[in-house]
Structures are given as structure tokens and as C-alpha cells.
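Below you'll find the structure, written out as C-alpha cells, and then a few comments.
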Amino acid sequence: MNSFFERRYVISGIFLVIILILLSRLFYIQIIDPRYAIYANNNVRRPVIYNAARGPILDRTGKPLVQNVAFYDIMVTPKQVKPFDTAEFCKLLGIDRPTFDKQWTRAVKYSSYQPSIFEKQISATDYASIQERLSEFPGFTSTPRYLRTYPDSVGAQFLGYIGEVTDDKINHSHGYYHPGDLVGITGVEKSYEAVLRGQRGIENWMVDSRNKRKGKYANGMFDTAAVAGQRLTSSLDLDIQKLGEQLMHNKVGSIVAIEPSTGEILCYVSSPTYDPNLMVGRERGNNAEKLYENPYSPFFIRPIQAKYPPGSSFKPLSALIALQEGIITPSTSYYCPGYYIAGNRRFKCNNGEAHGEVDLSSAVAKSCNGYFMMVFQKIMDRYGARQTEQMFTQWRAQVNKFGLGTKLDLDMPGEARGNLPTPLHYDNIYKHGGWRSSTILSLAIGQGELLATPLQMANLECIIANHGYYYKPHLIKAIGAQNVIKKEYLERNYVGIDSTNFEPVINGMQEVVESGTAIRSKIPGIIMCGKTGTAQNSHGDPHSIFVAFAPRDHPKIAIAVVVENSGEGAHWAAPIASFIVEKYLKGSISPREEINPEYFMNANKLPDIPTYNIKTKPQAPANDTSKKQKKDSSDKAKGLKSAGNDDGKSLAGKRSTKKGKG
């Protein structure tokens, strides 16, 4: 009897232990470890995602630059698919059997229960015929998707394009992006992705073991509606943007125009360009491949990535710094005999042209190299030759305030800094203490190692137009229906030069257009102040450069135009700039005796492929001090001579021209 009771307690204890273990396990599964709840949830809940339309992008007057058009994706849930005629299905979608097998394998690998994209970006026209028969193929459904369309086919490098999200982007999106989602890849589409993408909608459905819908999960409590992305109002003026792209057709270069009083970019041309509609739809990959193969690199964003010697457009800078420091006055004169002597070196001025007695304004008007070399040496040698490095460091810091050698933080990815050489760069070439003002004299006229982007050149004109300050350049002036403007775009950035010091420079720039090198580009009824420039290029003819602002009083537009391999600035860049300025200020272009827009639109100035730098990428930093570079530079330091021209040709032989490529 006692033995029976003992066994009963043992058996009861065993059952109690088992029950406790089971309860503990249930507690762990339901309370502690969320994985099982997730697994169970996924077994009965099926989310259906609805893509949001991306926000439109408008020009400054409200004209659409980018809109949306409805496309359709064919989705598949492998577990719901029943036997069907594969050949007929392929015929319906316009695909072959290998493509079907590949996409089916990908869908099964992704999930047997969750829908995924089987065939994407089907146009509304093609979808109309597919929709009628899609019900014949269980497991296959459709979902709308919005892709971009570009009514005027302009501004490709500004707008950028969208593409499928990468795995890395998905992993870092905290669950927002999924395979097949579209995301901004370049341009404004990338910079403002968080604003443009909107918020996707989602419906949660309950399903049974056969994956059939049994009603809304939690009565739709967790469903959300798709919210379209916010609109962006750009600063671009569609009319002059279209005109700029037409004028730059069959040319390599850039146009950047800015409103000085706001920093808003009015025109942003990178040439050659492409139709942004090519980067949308099912042929996007083939079109992109052809564009990548184009030797003139249409995907290269020249307004912010191409770097050129600014040439004569830079000349007034050192003069402004010297005026501010009291080293010169507007009446400081220089007698130009047609050359400038620095140490034992003689530099020709403007192909040997003698300008005679010039002051600051007339030196700007005549683009006298000698005058600005004289000013530059006065700055560098102010406290003696041994203090050259110290003075150069101070001069460089002042130039940097004008936005050269640094990013202007444009609301666009990929902006280059240009190049403003450092003392270390020259120390590496000539050894510490081994260089003087005459060694770096090319900087006085915007050559040598000095490189600037077209955006930086245009911003420099804003500073002159504003008499000493600029607003941060930007491409988007307002966000959303509330027209939100970033505070940083409302702040003035002063460069440390008194406003009165700009008048003699502006006087000279007005004379450039009224009676100087750019007289052919004079605009009837408008006072435009400008400066022609020619940047040396080791891959062919020099680059044609022109910078300007107008009107002189209360300027409304500042502009920089670069036409690669096209010679002097007066021949190509200046007329193109004048057409843009007149169109913006007057709404039309008046007839002129010597030039007309049609001639420039139809002219072909594409450089020959063998001499063109097809690797159009931002150049390597100028302080690359390889052994070969050191040797070449040392040889040139021994006294190489080369002529300057009206627009700032090289003064340091091949060392300078090598830095002048676009």
C-alpha cells in the first residue's frame, strides 16, 4: 500500500514537471520571444502595398518639369499559382520562356507566400490588353506604379533620374524600401528623395491555410492610405533653360545663371545633354548603356563637376584684395609696353599688344595681364620675398571667401571643389622656401593650378554684382504646398571687401561689353557688365569663357558660360550668354547686326574624339606630387617662357596648360 502511494506521488511529480515545462515554454514563446508571434502573424496576414506617386517638380513660374504617368507591375504569389499555359502567358506579357523561368525562380526565392514583382513597368496601353486575361492566371495580379515623364525633355542633369533601389539601400532604410522600389539615383531626385517619395499605402488581409482572403486584419485598423510626395518648386526658368540647351547643342560645356539677389539658379545647362525620358520605362537599361558609351559623357554634370582655369574672369579678385588692404587704389597705374618682366622672365601681354598707361578700370576693360601681375606681386612681396609663403596663405584665405577651392553646398550631389593650390603644393614641387611670387605668377590671371567650376564662376559674378556678398546658390526655391524655404538660403555671405571697392572693377566690366572684346554681344537697351576669358586646354583648342551680370543697376541675372575647345571667349561664350540674359530680362531676343541665335544653335563645335579628354571626370588634386610631376615642374621653374593672351593664357608653359583642361 505504501509502495502504491509512493509511486503515485512520483508519477504526479513527473506530470507536474512536464506541465511546468510546457507552461514555461508557452510563456517564452508568447511573451519573451517575439519571433513566433511574427511567424504566426505572417501565416495569417498578407500586406498589400500601394506605391505613392512621387512629387512633381516645377519651374519657378509653376510650369511642370517632371510629372507622373501610371505604369503597372505584374505581381506573383507563387503559392497561389495553379497549372497554366506558360507559352500563352509569355505571349500575353511579351516575354520569352528563359525570361519567365528566371523571373519565376527569383519570385520563389523571395517568398512563396508574399507577392513580388514578376514583370515591371508595363504601359497603360499594353496593360489594357493584359488586364482582360489576367484573371485566367491565378496567383498573378497587377499593381499600379508611377513613373516619371518629362513634358519638355529638358534639365536632365539637374533633375536626375530614378531607378530600382539597391540591396544596400534597402538594408539601411529601416524597412522602408523593398525589392523593386524606385529611388532617386542622381540630381534633384536623389537630393530630395525623402521629400519626393511620399508615403506608401498598405492594406492588411487575413488569409487561411490556402492563402485565401478572409477579411481585413484587425478590421483595417493598421491600414494606411498612400500619400503622394511633396512638390518641389525649382528656381529654373523653363524658357531660358530650353534656350540654353538649344544654344549648346552639338557643343561641350556649361551654362549657369543665378539671380544675385536670392542665389536662385535660373539656368543650369550641361552639354551634351540627353532626353530624360530615355531613363524611364523598359528600355531604360539599353538607353543608359548607349549614353554611357557616348565619348562626350552626357552623364557628367559639367556645371558642378567640370573644372577649368577661370582665366580673365579671375583677374579682378587680386585687385579687390589689394584695394581692401590698401596696397593699391583705383587710380594706381601701370605702363604696359606689351610685356611684363618678373625677375629675369618676360611675359608677353595679350599676344604682345601694348596697352600703354592703364589704371584699374582700363586694365579690366583691356584685360591687361601685366597690370594684374603687377598687383599680384605687390601683394605677395608686401613684406619682402622671404614672406611670400605667409602672404600667399593670407591671399589664399581671402580668395577662398569668394567660394573658390571649396564646395558651395549646392543642393545637388557630386559637387567638385575646384582647386585653389596650397603652400604645401608648391613646397612639394620647389622645396620649402624655394618659390617666390614670380614662380606662381600664373595665378594672377586665373591660370596655373587654379581651377573653378562654372557654378563658382557664376557665383563670383553674383558677388561683384552685389558689391561684396552672395546668397548660397540653390536649385530648389520652395518645398511643398507651404512653399517652405530653407533658412540657409536667406543668409548673406560676405567676402570681406568694402562695397565701394567694386565700382572701378564694374566700370571696366561694363566697358568690356560697351566697347571692348565683347562688343558683339552688347544687348540693345540693357547695360551688361562682363569679362571674356580663354582657358588653355592640352586636349585641343582653348575653352571659350564668358562671365557677366545685368543690368548694371539692380542686377537680376549673373551668368557663366563655358564652351569647350572653341577659342576666345568673345567668339562663342559671350554671344550665347547675351542671348540668355536678354531672353530672361526682356522675354525675347532682339535682332542684331552681327549675331543671331540660330547660327549658334546650328553650329557644331564638338571637339574631335582623338584629342578630346573622354575621361571627363573631376581631375585629380593638383597637389599630386609624383616624381614625374616634380621633375617637369622643376624644369619649368628654370625659366620657361610663354605668352599670355587677351583672356589669360598660360604663363608657366605646359605646367599651366595641363591644368586648363575641362
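Nothing in this text is a laboratory measurement; each read-out follows from the coordinates by a stated rule. Everything numeric in this text was worked out from a predicted model, so none of it was measured. All Cβ positions, even for glycine, are placed from backbone atoms using ideal geometry, and neighbour counts span all protein chains on display.
Computed from Cα atoms, the angle from the helix 35-44 axis to the main principal axis of the chain rounds to 80 degrees.
So if each residue of separation counts as 0.36 nm, and I subtract the Cα-Cα distance between residue 387 and residue 153, what length gain in nm does that give? Please list the in-between numbers first.
Numbers: separation 234, 0.36 × 234 = 84.24 nm, distance 5.52 nm.
Stretched out fully, the residue 387 to residue 153 stretch lengthens by 78.7 nm.
The value obtained for segment 402-449, namely the Cα convex hull volume divided by the number of residues, is 94 Å³ per residue. If I fit a long axis through the Cα atoms of helix 388-400 and take the longest principal axis of the Cα atoms of the chain, what angle between them do I get, 0 to 90°, rounded to 10? So the inclination is approximately 60 degrees. Toward the positive end of the charge dipole of the chain, with +1 on the Cβ of Lys and Arg and -1 on the Cβ of Asp and Glu, the farthest Cα among 510, 339, 229 is that of 229.
If only the Cβ of Lys and Arg carry +1 and only the Cβ of Asp and Glu carry -1, the dipole of the chain around its Cα centre is close to 1960 debye. Between residue 346 and residue 261, the simple label model (points 7 Å from Cα in the Cβ direction) yields a spacing of 5.2 nm. Past 19 Å, Cα to Cα: identify those pairs from 91/290; 407/472; 401/556; 522/586; 190/556; 79/214, in the order given. Long pairs (Cα-Cα over 19 Å): 91/290; 401/556; 190/556. Size of segment 217-355 from its Cα atoms: along the principal axes, largest to smallest, the extents are 88, 38, 30 Å. Grab the beta carbon distance between residue 354 and residue 554, set R0 = 41 Å, and tell me the FRET efficiency rounded to 0.05. Efficiency, rounded to the nearest 0.05: 0.65.
Think of the chain as having a plus end and a minus end, set by charges on the Cβ of Lys, Arg, Asp and Glu; of 116, 272, 404, 116 sits farthest toward the positive end of this dipole. If you look at the Cα atoms of the chain, you get an Rg and a Dmax of 32.9, 135 Å. Overall, segment 46-234 carries a charge dipole of about 460 debye about its Cα centre when +1 sits on the Cβ of Lys and Arg and -1 on the Cβ of Asp and Glu, all other atoms neutral. Just to be sure I understand the curve: with the Debye formula and one point per C-alpha of segment 561-604, what is log10 I(q)/I(0) at q = 0.27, 0.28 Å⁻¹? Log-scaled intensity ratios, in q order: -1.07, -1.12. For the chain, the 222 nm mean residue ellipticity estimated from helices alone, with every DSSP H stretch of n ≥ 4 adding -39500 (n - 2.57) and the total spread over all residues, rounds to -9500 deg cm²/dmol. All Cα-Cα distances of segment 234-307, cut into 5 Å bins from zero to the largest, leave 3, 16, 21, 22, 19, 12, 4, 2, 0 percent in each bin in turn. Seen against the Cα atoms of the chain and their longest principal axis, helix 2-27 is set at about 30 degrees.
Take the Cα radius of gyration of segment 131-262 and divide it by 2.2 N^0.38 Å, with N its residue count; two decimals is plenty.
On the way: Rg = 21.2 Å, N = 132, 2.2 N^0.38 = 14.1 Å.
My calculation over the Cα atoms of segment 131-262 gives 1.51.
Of the residues 195, 464, 424, the one whose Cα sits farthest towards the positive end of the charge dipole of the chain is 424 (charges of +1 on Lys and Arg Cβ, -1 on Asp and Glu Cβ, taken about the Cα centre). The reciprocal of the average 1/r between distinct C-alpha atoms defines the Kirkwood hydrodynamic radius, which for segment 46-234 equals 18.2 Å. In this structure, residue 86 and residue 394 have a Cβ-Cβ separation that, at R0 = 60 Å, corresponds to a calculated FRET efficiency of about 0.20. You can think of it this way: the chain between residue 406 and residue 106 has 103.4 nm of extra reach, that is 0.36 nm per residue less the Cα-Cα gap. Each residue in 12, 271, 538, 442 was given a count of other beta-carbon atoms within 10 angstrom of its own, and listing them fewest first yields 12, 538, 271, 442. Remark: segment 372-516 projects, on average over all directions, an area of 11.1 nm² (convex hull of Cα atoms).
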